[in-house]
Amino acid sequence: MDLNLRKAIIANISDNDKQQLEATIVDAIQNGEEKMLPGLGVLFELIWQQAQQDEKQEMLTALKQGVEQAATS
C-alpha cells in the first residue's frame, strides 16, 4: 500500500477556510497528541514554502525563543 501522508493531509484540509485551519492548529496543539505532529509538520512546510525571507527569519526567531523557553520549563 502506497500511502502519501503529506498528500492525504493536504487533501483533508484543502477546503478549509482560515478559521477552520486555525481551529485545526489550535486543537492539535491543545490536545498534545503525538499523532497530530505529522499534520502540523505538513502545515509548517506549507507556510515555510510560501514565506518571504524576512518572514522565515521571524519564524526562526520565534522558534528559537520557543525552544529555549520549553527547554527551561
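Numerical summary
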| read-out | value |
| --- | --- |
| For the chain, calculated [θ]222 nm from helices alone, where every DSSP H run of n ≥ 4 adds -39500 (n - 2.57) | -25500 deg cm²/dmol |
| Translational diffusion coefficient (Stokes-Einstein; Kirkwood radius from C-alpha pairs) of the range 5-72 at 4 °C, 1.567 mPa s, in µm²/s | 97 |
| Rough spin-label spacing in nm, given labels placed 7 Å along Cα→Cβ, for residue 60 and residue 8 | 3.3 |
| For the range 34-42, 3J(HN,Hα) per residue [Karplus equation, 6.51 cos²θ - 1.76 cosθ + 1.60, θ = phi - 60°, Hz, x = Gly/Pro] | 4, 5, 7, 4, x, x, 5, x, 5 |
| Tilt relative to the chain, helix 18-31 - C-alpha long axis, 0 to 90 degrees, to 10 | 70 |
| Whole-Hz couplings from phi, Karplus 6.51/-1.76/1.60, listed for the range 65-73; x for Gly and Pro | 5, x, 5, 4, 5, 5, 5, 9, 7 |
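Taken together, the values in this text are just the output of simple stated rules run on the coordinates, not laboratory data. All figures in this text were calculated on a predicted structure; none of them were measured in a lab. Quick reminder, even Gly has a Cβ in these numbers, built from the backbone with ideal geometry, and neighbours come from all protein chains shown.
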